[in-house]
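Just below is one structure, and these are the notes that go with it.
The values are calculated or read from the model by the stated rules, or taken from the named source; none is laboratory data. This one's a predicted model, so the numbers in the text were calculated from it and none came from an experiment. Neighbour counts run over all protein chains shown; Cβ positions are idealised from the backbone, glycine included. All accessible areas refer to the heavy atoms of the entire protein, side chains included, with ligands and DNA or RNA removed. Shrake-Rupley method; radii C 1.70, N 1.55, O 1.52, S 1.80 Å.
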Amino acid sequence: MPMAWLKRGHPIAQIYVSAFFVTLSELALKIGVDKTALVNPTTSWIGIVGLESPWVWAGVILGIISMVAWLAALRRVPLSVAFLHSNVVYVTVPACCWLFLGESISPQRWLGTIFVLASIMCIAKPLAKIEEQT
């Protein structure tokens, strides 16, 4: 799979592409292990039975794609800035679990998610501007 488009993209956009694929990966992994949890109850606690699921393998591949985007971004962005932006997964994963998997999210968790999003907006953007000036 050619990933040349990652080299041309804005590094912050690459971080969000990475976060998007992490979110998809986590959803696929969860679906995969849920579908195989009852295949062999005596060994399912090990987690290895999950490898029988195509969803788990899709999650692994999506995780690799995410890492490629992350590495491309890290070449051009300081880790301190990249890491702040990558925390968007603490918003996207719970939101997608709620939307697509029907998981319940407590009001306290939603409040925490809002704080994470606010911190990304308040801290990461000014940091990125400072880094661009140096």
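In the context of the full protein assembly, H10 retains an accessible surface of approximately 100 Å², using a probe radius of 1.4 Å and ignoring ligands and nucleic acids. A simple spin-label model places pseudo-atoms 7 Å from Cα toward Cβ; at H10 and W57 they are separated by 3.8 nm.
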